[in-house]
Amino acid sequence: MDDWSAWTGRTETHSDRVDPGAVARWCATLDRAAPLDGTAPAGFHWCLCLPDAPTAMLGADGHPRRDLGPRSFLPPVPLPRRMWASSRMEFLRPLRLGDVVERRSRILSVTQKQGSSGALVFIDVAHDVLAADELAVREVQSVVYREASPPDAPPSPPPPGPGNFDTGAWATVRTLAPTPPLLFRYSALTFNSHRIHYDLPYATTKEGYRGLVVHAPLTATLLLELARRELGDHALRTFSFRGVSPAIVGETLHLAMKADGQAIELGAFAADGRRVMQARGER
């Protein structure tokens, strides 16, 4: 595979505004009230500075087509499947309604690996989100590119097994089953047109999933919302998550949380106990 080291250190900057209507739609999507102090909920920065590729420039998977030019921000990795693998972030000050926001992004690393499913390329991107020239959120996202699934590969994730999720290991558990309208709304909020979230034939026949896939940041958002319900708005100073296996629309999803002093452990699990996401935070 090509050498992508020339992309390390590349930067780009985008601007946006914390729109009150968008914050209201975010809260409506999560069935919650807006904060009373005029701030945007934690995680709302994922709705800002979004890619705005024209529809004619989308690829077969619904993502914007790769920029093959030598000055592109992301390297033109040829592997066809792309997913948001993990993030770690610091919340330095809440975003406020009407804030003018600037996001400064930088490629930290491009790493090639060989996994059980074939070649992998991980790209770590640092995002500094500034509001009124003050740093509000600092985040490092890890995006992974993968090979296509072999035609004879079993669907992912495997069918539910005979086990059960152990609620006794956690202090707080919320159980729900993500619905297609929830995924549609989250895709709209984040301008995410990846077809695995809304096109069932594509998700199952082209990318090998067992059903429509819940967005990794949506699962992370639901964990942030669980923390908010228990601790209050903007209680977490840090938050990190890593996707472990896909969550499927219509299937039970357990959101769990427990605290050890200032440290918060969170997780998302399928009905049979299969871990979907692991996450941590600090107050």
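Label reach from T111 (point 7 Å along Cα→C-beta): in segment 239-268, amide nitrogens under 20 Å belong to 239-245.
Given +1 at the Cβ of Lys and Arg, -1 at the Cβ of Asp and Glu and no other charges, the dipole of the chain around its Cα centre is 180 debye to the nearest 20. Adding -39500 (n - 2.57) for every DSSP H run of four residues or longer, then dividing by how many residues the chain holds, sets the calculated 222 nm ellipticity at -4500 deg cm²/dmol. A protection proxy built from the mean count of other Cβ atoms within 10 Å ranks the segments 134-146, 167-179, 40-52, most packed first, as 40-52, 134-146, 167-179.
Summing +1 for each Lys or Arg and -1 for each Asp or Glu, what net charge is found among the other residues whose Cβ lies under 11 Å from the Cβ of E251? Once all neighbours under 11 Å are counted, the net charge is +1. With only Cα atoms counted, the chain has Rg and Dmax values of 18.7, 53 Å. For segment 42-137, the direction-averaged projected area of the alpha-carbon convex hull comes to 7.9 nm². Residue separation of F191 and L92 scaled by 0.36 nm, minus their Cα-Cα distance, works out to 33.1 nm of gained length.
With contacts taken as Cα pairs under 8 Å at a separation of at least 6 residues, the chain carries a relative contact order of 19 percent. When the chain is described by a simple charge dipole with +1 on each Lys and Arg Cβ and -1 on each Asp and Glu Cβ, the residue from P20, H234, T175 located farthest towards its positive end is T175.
Each reported figure results from applying straightforward, stated rules to the coordinates on display, with no laboratory input. The structure displayed is predicted, hence computed values, not measured ones. When we count neighbours, we look across all protein chains shown, and the Cβ atoms used for this are built from the backbone with ideal geometry, even at glycine.
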